[in-house]
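The values are calculated or read from the model by the stated rules, or taken from the named source; none is laboratory data. The structure displayed is predicted, hence computed values, not measured ones. Cβ atoms come from the backbone with ideal geometry, glycine included; neighbour counts cover every protein chain shown. Note: accessible area is taken over every heavy atom of the protein model, side chains too, but ligands, DNA and RNA are not part of it. Shrake-Rupley method; radii C 1.70, N 1.55, O 1.52, S 1.80 Å.
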Amino acid sequence: MKQFFIYIIIAIGLSFVSCEEICTPIPPRVEAEAGRVIIIEELTGVECVPCAAAAAILEDIIVQANGAVVAYGVHGRFQSDPLPENKYDFRNPDAAELEGYLVEFGKPAAAINRSESSTGSFVWPTPGGWQAPVDAELSKPHIANVIISSMYNNATRRVDIEVDANAIQDIEGVINLVVAISESDLIDAQDSPDGVIPDFKHKHVLREMVTTILGDPVASAGLSAGEAIDTKRYSYTIPAENNGEWIPKNMEITAFITAEDRNGEVLQAAQIHIIE
């Protein structure tokens, strides 16, 4: 309970980071365009002192969106080296490459649907200000569907993934598909303004990209309204369980399509658990 109140206090403080004298009241959250799902790629790290509070803000956004927001956490190069107290190392080559692509300006930060931010990059640097761009993305038209299905083999620890997508409106240009694996409920140390939290619950930790970070081309000349891509199939073998990590029931598959004509902006996302 004490740890919960620490998160809340930090989160309240972060929400006022950008205020100088009088803060603008937070507008009511918008209802998502029916069927629309967006993705937040959170830039985070166990050495990042404000990231514990940012994680609480992100989780609140996800819960309040009621399925319209999915996310994963990117533990790249910056502030991601394990602490002496850590038993896990969340870094991986894909996270490092993705962090470089998104162009971070310090942590915590987030890419929201890979749309251009107020910084002129993909990244929004202030967690207290994430809700506004989330609302802006949710209010955009729902122009495509992404559907993920999977089958997990417990004996081989292999998950077979199928992704389908179809256009609701005409979409021009090259469309790419990104597929990623993440893991939640990883209990490990996290730095904070009050010192290291030994039993922080890390959620949606990016484990590996099944595709490249820019995705696999699935439509070279766009899609007409009502047109679907050919089903894309992938396989991923989960490493052996180790000291509380690589637990299949805690792992997620995220998929989203992007438009090259829109500078790689995400058109629609989806996320499922490997074991529902």
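A few remarks follow.
- When Val63 is tested against the conditions (1) buried (at least 18 other Cβ atoms within 10 Å of the Cβ); (2) over 22 Å from Ile197 (Cα atoms); (3) modelled with pLDDT of 95 or more, the lone failure is (1).
- Of the numbered criteria (1) modelled with pLDDT of 95 or more; (2) surrounded by fewer than 20 Cβ atoms within 10 Å (Cβ to Cβ), the one Cys23 fails is (1).
- Residue in region 155-173 that is without any contact (Cβ under 8 Å) to a residue 24 or more places away in the chain and buried (at least 20 other Cβ atoms within 10 Å of the Cβ) present: no
- Taking the criterion of being farther than 20 Å from Phe256 by Cα and outside any loop (DSSP other than H, G, I, E, B), the residues of region 57-89 that qualify are Ile57, Asp60, Gln64.
- Top-ranked residue in region 195-213 [being among the charged types (D, E, K, R) and in contact (Cβ under 8 Å) with a residue 24 or more places away in the chain; ranked as least open to solvent (accessible area, probe 1.4 Å)]: Arg207
- Test: residue in region 208-230 that is aliphatic (A, V, I, L, M) and closer than 22 Å to Val46 by Cβ: yes
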